[in-house]
Amino acid sequence: MLCVGLDPDVAKLPSSIASQPDPLFTFNKAIIDATADLVSVYKPNTAFYEGLGADGVKQLKQTCEYIQQNYSGIPILLDFKRGDIGNTNNYYAEYAFEYLGVDAITVHPYFGQEASEAFLAYKEKGIVILCRSSNPGAGEFQDLEVDGKKLYRIVAEAVMNKWNENKNCLLMIGSPYPEELAEVRQALGDDVTFLIPGIGAQGGDVEATVKAGVNSKGTGVMISASRSVIFAGNGEDFAEAARAEAIKLRDEINKYR
């Protein structure tokens, strides 16, 4: 149930990698080769690539193609949290699903179901909707109450009960909030799958996260770690260090299932 985020911050790359022509892709390739037998999904965040302009987007596509060609059984979840009016979302969806060819994306629900149909219409793709984010300030809006119910709970129920006609909706809830995670699991039952970021560098607790998030079968979650895995080491053995950290995290997740 381990998801590894491919977020190759240029400033943190090993010097031997940073000097190469396509450093993001070279770094990602090494991480992927070292961890492919340990993960359920890879999650590149587009910001780390888009920040470098066209060259960064090229390396994102190289990364996606490498996974597709060499590890086709591992889905790619593009973390880009887009959302706009439907006409604009059509192009966001085309970029993710047609150009990059990813298997799933993260989106935010603020524009409502009507605008999100551009994503939801891709019946064979996973649409991961932001419900409760992992950042410390998440509650500023997400904890606001409407008729006695907090906004994140309203989003969760609307997505799974109204938007999920094609059975391709998932929810993202951050691991620093296990009580909210457990609440949504209890409200929605076994069928919903959660993407759960925030383990590692953001301080999420593995035991609390697993126990709060899994369904009655001990499944239904993708627990994501990025920096704590991919930057576990910064020397020539960075890929081996990432593998060791991924094994440690995978085993800890399985311990509490």
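Overview of values
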read-out: Members of region 43-82 found to be farther than 12 Å from residue 100 by Cβ, without any contact (Cβ under 8 Å) to a residue 40 or more places away in the chain and part of a strand (DSSP E or B), listed by number; value: 82
read-out: Residues satisfying the stated conditions in region 51-73, i.e. surrounded by fewer than 20 Cβ atoms within 10 Å (Cβ to Cβ) and within 26 Å of residue 194 (Cβ to Cβ); value: 68, 71, 72, 73
read-out: Any hit, region 117-138, residues being of a type in the set (Gly, Ala, Ser), under 26 Å from residue 178 (Cα atoms), over 18 Å from the mean Cα position of the chain (by Cα) and assigned to a loop (DSSP other than H, G, I, E, B); value: yes
read-out: Residue that is surrounded by the most Cβ atoms within 10 Å (Cβ to Cβ), among those in region 87-125 that are among the charged types (D, E, K, R) and without any contact (Cβ under 8 Å) to a residue 24 or more places away in the chain; value: 94
read-out: Candidates 30, 34, filtered to the one that is out of contact with any Lys or Arg (no Cβ under 6 Å at 6 or more places or on another chain), small (Gly, Ala, Ser), assigned to a helix (DSSP H, G or I) and touching a residue at least 60 places away in the same chain (Cβ under 8 Å); value: 30
read-out: Spans of strands (runs of 3 or more DSSP E) in region 144-257 with at least 2 residues surrounded by fewer than 23 Cβ atoms within 10 Å (Cβ to Cβ), at pLDDT 95 or above and of a type in the set (Gly, Ala, Ser); value: none
read-out: Flag if residue 132 is of a type in the set (Lys, Arg), closer than 26 Å to residue 27 by Cα and either surrounded by fewer than 17 Cβ atoms within 10 Å (Cβ to Cβ) or free of Cβ contacts under 8 Å to residues at least 60 places away in the same chain (or both); value: no
read-out: Residue within region 225-234 that is charged (D, E, K, R) and free of Cβ contacts under 8 Å to residues at least 12 places away in the same chain present; value: no
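The values are calculated or read from the model by the stated rules, or taken from the named source; none is laboratory data. These numbers come from a predicted model, not from an experiment. Virtual Cβ from ideal backbone geometry, glycine too; neighbours counted across all protein chains shown.
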